[in-house]
1. What net charge is computed for the residues neighbouring GLY1168, neighbours being all others with C-beta under 11 Å from the C-beta of GLY1168, Lys and Arg scored +1, Asp and Glu -1?
2. Once the Cβ-Cβ distance between ASP379 and LYS1455 is put in as r, and R0 is 22 Å, what FRET efficiency do you end up with, to the nearest 0.05?
3. Compute the accessible area per residue over segment 1460-1546, keeping the other protein chains in place, probe 1.4 Å, unit Å².
4. Please report, as a whole percent, how much of the solvent-accessible surface of segment 358-459 comes from carbon and sulfur atoms (probe radius 1.4 Å).
5. Based on the mean of other beta carbon atoms within 10 Å per residue, what is the order of 1313-1321, 1041-1049, 618-626, most packed first?
6. At a 10 angstrom cut-off on C-beta neighbours, averaged per residue, how do the peptides 1003-1012, 1217-1226 rank from highest to lowest?
7. Tell me which GluC sites (Glu not before Pro) from segment 199-290 have a DSSP coil assignment and no more than 11 other beta carbons within 10 Å of their own.
8. Could you sort out which of LYS877/LYS1060; LYS679/LYS877; LYS1042/LYS1292; LYS803/LYS846; LYS1042/LYS1398; LYS872/LYS1042 sit more than 18 Å apart by Cα distance in this structure?
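The values are calculated or read from the model by the stated rules, or taken from the named source; none is laboratory data. Predicted, not measured: the structure shown is a model, and the values here were computed from it. Here Cβ is always computed from backbone atoms with ideal geometry, including for glycine, and neighbour counts include all displayed protein chains. Surface accessibility is based on the protein's heavy atoms, side chains included, excluding ligands, DNA and RNA. Shrake-Rupley method; radii C 1.70, N 1.55, O 1.52, S 1.80 Å.
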Amino acid sequence: MVKPQNEKPNQYQTQTTAPGAPGAPGAPGPSATSGNIPLGTHTDDEDEYDSLVRLSHQAQTRTSEDEDDGEDEEEEGGLDDDDDDDDDDDEGEDYDMIEPATFLQSLLQLRGRRGNDDDDDRFEEVDNANEGEEEDINEDDDDPRAEFLRAIGALSGRREGDQTTPGGAIAGGTAGGFVDVMQRLMGGGMMFGEREGNSEIDALINNLNQREDTYIMLESLNELSERLLMMNGITAERLIPANKLAKSLVNIMEDPQLEEELELHLVACRCLYNFLEVNQDFIHDALNNNAIRALCHKLVEIKYIDLTEQVLQTLEMISRDPISHNSIISNNGLTCLQYLDFLTIHAQRKCLTIISNCCTNISIANFPMVKEAFTGISDVVRTHEDQVVVENAWLTISRIIICFRNKPDFLNELFSDKGPLLLELTQVISVSCNKGSNDNKGKKLNYASCLSLIKSLIILTSVSVEVSKILICDCEIGKVITKSLNKYGRKETDNEESEKLTIESIMAAPKDLISQFLSLIGYLLPITYAPENALFLRDNFQDYEERQEINKSRQELCLEIIPHDYWQFVNDVWSFLIISFEATMDYDIRRKGFINMYRMIYPAEEFAVIHDVATISGLLSSVVNQCQLTIHTDFAGHSQWEDIDMEGSDEEESAHPVRSEPEDINKINANALLLASFKIIRTIFEKSHGTAFISNFEREGLIKDIISILSDLKGNVDDDFYETGPPVHSISASYSNKYIDTEVTKEYESRLTLARLYARIYSVGNEIEQLYLAMKSGDAVIPEHMKVLIEIQELLQDQKLIKSFTFEQWVDLWNKLKFALIDNVQISSFELISSGLIEALTTTFKSEEGSESSCNRAFTAVFFESDTVPAKAFVQKLQEALTRSESFDVVSAGTNTNQHNHALANQIRLKLTCEGEDKIPTHLKTMILSVHAIATFKSVFAFLKQRFRFMEEFSDDEEKKSDINIEFLINGEVIPNETTIYGAIYRSLQNKPDQIIEPSRIWTTVHNITYRKVSSEVKDSPVVISYDQDWVYDQTTMSILKLLKVMFYMNEANGSIPDKEFTNWKLTVKLNRQLEEPLVVASGTLPGWSIHVTKQFPFIFPLETRIFFLQSTSFGYSRLIHQWQVRTNQGNEEQTQGQQHHQLGRPTRHKVRIARQMMLQSAVKVLGLYGSTPGILEIEYFDEVGSGLGPTLEFYSTVSKEFGKRKLKMWRDHGDPSDSEGYVDNKYGLFPVPMDKSGIASENGKKMVYFFSILGKFIARALLDSRIIDFNFNPVFLKLVQLLNSLGNAQKLNAKSIKKFTTMANLRIVDPALADSVEHLVKYIKQFSDVKPEHRDGITVDGCTIKDLSIYFELPGNPEYELIPNGGETQVTADNLELYVSKILEATLYTGIIHQIKAFMEGFSKVFPINSLVIFSPQELVELFGNAEEDWSFDALTSSINANHGYSKESQSIKSLTNILVNFNHDEQRAFLQFLTGAPKLPIGGFKALRPPLTVVRKHAEDDLKDDDYLPSVMTCANYLKLPNYSSEDVMREKLLQAIREGAGAFLLS
């Protein structure tokens, strides 16, 4: 058999075959190829294989996305990519290597082949095929395909004597059985008989080729257009002769005889558009026939505006194919700009879309045309009003820059006089970075376009020093960057402080935006150091001459020509560099931050030019301290390191080192940053001569840590790890871009290993030590404040002494501490830790528990009472100490952090071994499986169960055919079936609690799992891991956290320090990063610190992070994946516009229809049925068309209100009890009404307890589904819930805890009037100490004795509740007054409500564990449950409203609406939200947190009516407000309130 010529067909060569022939475009057979096989010359031996080759080419032509040269694929086309080496062994293997689809097509093709050599007649013979054809095929019994073909024949239902139609279909059969299905699925129409309806289509196309009657041409075009509209892509491919039709349409538009037939041209162009739209592959046929030339010619001169707009629409369709771009430009397609003002907005958008698409890939030859159009494009971005047009114009500019990134002359030519354009560009970046920001200056672009513009600036900066000068001097790019990023923060005030960049802003900003800004800064900074002194380059690296010349010019510009502007730019971005390092754990961002700081510091003659340069000390000390702990741990196992890591270092001599296991990339990155920090420290010592920074470094403990690292590394590293040899250029730069900044862009990095890094760290560290010793003069002197701290620490350690301290002595001691912390030199975190004071304070406060102790009262008096400045300063010092000391690790699954969905799809290899079963077949006793890491052992059980069932089908033993139960074991320990594969393997590798396992050990190893049959079903017992042992973690860190906890509770009781001062941003960043590992979270392998610290010290983290933690760890696997995908897609929604997001499944949805008139009853039933299910609950109403989010939110808000009805008798009520249908009136918040044991046992009591259980389930369900609820609970109610939560499963308070909770302070929060009454009784008690017991009944207060009050042991306001047995007949006297007061407190705050509280908690836990809420304070729970403060300020509204479809943010109607909403009273605000969203409350986060965001569009008047005649309407599911353009603000307010009133209570069509 002849070896095929596997060359790709040239899709654009001229076709010489007649239309309809097998080689012609659109013919049912394979298309002609440009290989060495001539058309129509098949021998008997070659004919069969040639068909396969042709089919292979056809499949490649239809499926390939690349337009590579055919000759490059000569030996690969049509073959499987996995194996190219065995194709010469024998003929049979050739078939194995053909793509499966192609092979099947070739087999099916043989059913219709006669083996005729005449290519032109082949398909006619197929059409007339008969039985003899089958016999001819079946004679080839030796051909292995014959059996397969007979099977196909049987499946198709074809029998002897069946008649076939000319189309190849089976007579009497509409589908043709299996063969017809395969034809449909695999594009069989390209090879099975003639096209159906071919004669009609051909006739219509032939009509287009005649010129005698234009009417016939016009009607034929209309008919073709309509038919194309009714087709799909597969049908069109089978029926339409693409090349023939494209040629005919183009000929009509180019025919000089038809030049004046504009209507004909219009219809032809429309037909061409429909032709291209039905199948994108037809674009190539249009290109082959010069469609671009014809269309662009129509744009040169506008004769018929409709034709011009249709041409633009068609050209836009063509421009989506990259192969068309240069052709459009070379045919003057950019000239459409000159007529832009004459076109409609729709056509203008098409015009700019074409230009934007074309500029994606521009050839150098087309630069003159681009240059000619560039001024017009620049004018569009400055003067045009339409946002889509402007955005496409900016994209065009960006793409032009990217296309000519290797041609600096071209870019300089384009931008030489474009200073205003660059200024406009930076302003657009500033307003576009955050779509939610309240900035109406200029047109905002979407996020992806904004990123593209930043990349363009980077390119311009890299090739042009002049552009750099404009950006630094004229555009003030430093301020632009900080302003752009600051928009992500919460602006609370308008003072100067709010303009400073905050860590909250950087944490909220997208990482790729931060990364691009850091790259831009890096390109703007001159490089003044040699490559061997660079932070992240090879020692023998060398830049290209072009870049070296530009860098010299940049040095001259920044340091000599514009030094003032340059250092101003440095100061503008310095804080950004520091904060971005602290706010993220992303290695790329941290690396770029260090590079930029280094470039700023290196040329500075005096560090004073950088105003906040001292802040780098804390940053460097943090990096060094963290790595010092890791290095010390690594080298503690000294011999183990030598066996593994140093062995790998020797292999670096070879070109391709071989390792048994890859090194931990996280550890390599951390040590690369350590090396960079060492180089920065060395530079600071060299430049500053040590004087400026030695004291700072000493006080931060930096020198101590460096010496400790050197001590650990000494004797454990090789000295010579520096590259030698000739200079090395960047690999990628040699073929792409010689102007690239290799160090910043990470285009090339030397191979880094731990051994090499440690060697360099040791070398640079020694240099630092020598510099330090040479500069340091004299012995160290202990500062005064350190002496004070040590003195206090020694006093506190003397437990006997401090127990005798009076209040005044404590005050003196705390004043000394205040002096050392605040009134003297600012103490460093290292000094605070090293003094030992933190541990001493923690021990003291623990032993002196209780706010009434002298120690605590004195501390409060000194640090909180006069002002909170001392306490705030102490908290800040503790935060700095915590940032320094903590060394918690982030556990990674070992995959790209930006591709977490891939991590969830990764597989783990398991070796399954059966234990103790003799009758199991050998192939089932031991097998190796690849299982998704996120799957549970249930999946493996189902796999095995299926295999066993299959075996039993062939077994005669009836006893075996019973339920199969299997349990799995790892290392002899039974694994619950609900455990994930990853989680079980991870925990099996741990030798001690909370040990971090290297990801490579999980992914690269085959793990042994044993299984055995068991008699009963394996019960799933969740893996319980306790993280409450403090000893597992660093004791200094835990002491700091405990001390912060003491300060937090003191502040709650006495101070006014904002809660955010207690937030530690470093730990917040770490926790956020940890929760971004969905595989780790879903597998239950979170590091212990992330759970322990979050639950024991929740105040350390902001509310948003704790909500994220709750959603990730408590809502179950399906919700974890769903929430993670929602969070990921929200972050990427603008970056990936037009792209589909990978979905890993979604929770099921339960849609329930209920009656609005029986809301509470329906809610009880719905919660009973679906309350505990993991699916999302959606509500609809009978007789209403509304569905989705709006009705569901209204259900939650309405049921929230129903629970507050007076007739349920659940809550304390100060309203009119006679109004049983009304709602409870309690302005202090909902609090359970007390009930005694007899009341609870009654029918009404049981019903009330049941409703508390339903209430708990309802609230948990709302949290699970992220629904807004509308409760106003009293904080004490939730405080008791949290108190019971803190006890774990005990849920019973001891007498001491009850007494601590049932206080007058809590009673006053619940019922101030009752508290006043009890306070009145306490006045009697206070006089008891001065009066003998027998005379106490005579004590008077306000002229009354106790007996005069006639009080009995009944709960005030609830006489049915007896406080003691027979309490209704027991009068309160002086003897039992104290008992009476304590019983009131207990009954009101504990014993009378404990049954309701427990029922609430049990109901809640049926959805998810209520102890998960321990991470929130009672006040935060009040807010989460619907009583959060809402921001209705002008800034909040304008930044949250999206204006669209007729409105912009500058529209007067939008401004009027904002003014109206700002001036709404509380009830009107609630009514508006109910009208707009279905819920009367905003979610946590306010208007910005609305999903979807609030959008206002214009509602146009119709039928001769005016805007003022319409009411606004809404789409609640989309938070969409349709607002007419009213004549005045007063009319708008009136109509809006009318719509709110009339639209309440139903969801109808608007």
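1. +3
2. 0.15
3. Values: 4110 Å² over 87 residues.
The answer is 47 Å² per residue.
4. Its accessible area is 52 percent carbon and sulfur atoms.
5. Numbers: 1313-1321: 15.6, 1041-1049: 20.3, 618-626: 22.9.
The most tightly packed comes first, giving 618-626, 1041-1049, 1313-1321.
6. Those peptides, ordered most packed to least, come out 1003-1012, 1217-1226.
7. In loop regions of segment 199-290 (DSSP not H, G, I, E or B), the sparsely surrounded GluC sites (Glu not before Pro) are GLU212, GLU259, GLU260.
8. Cα-Cα > 18 Å for LYS679/LYS877; LYS1042/LYS1292; LYS1042/LYS1398; rest within.
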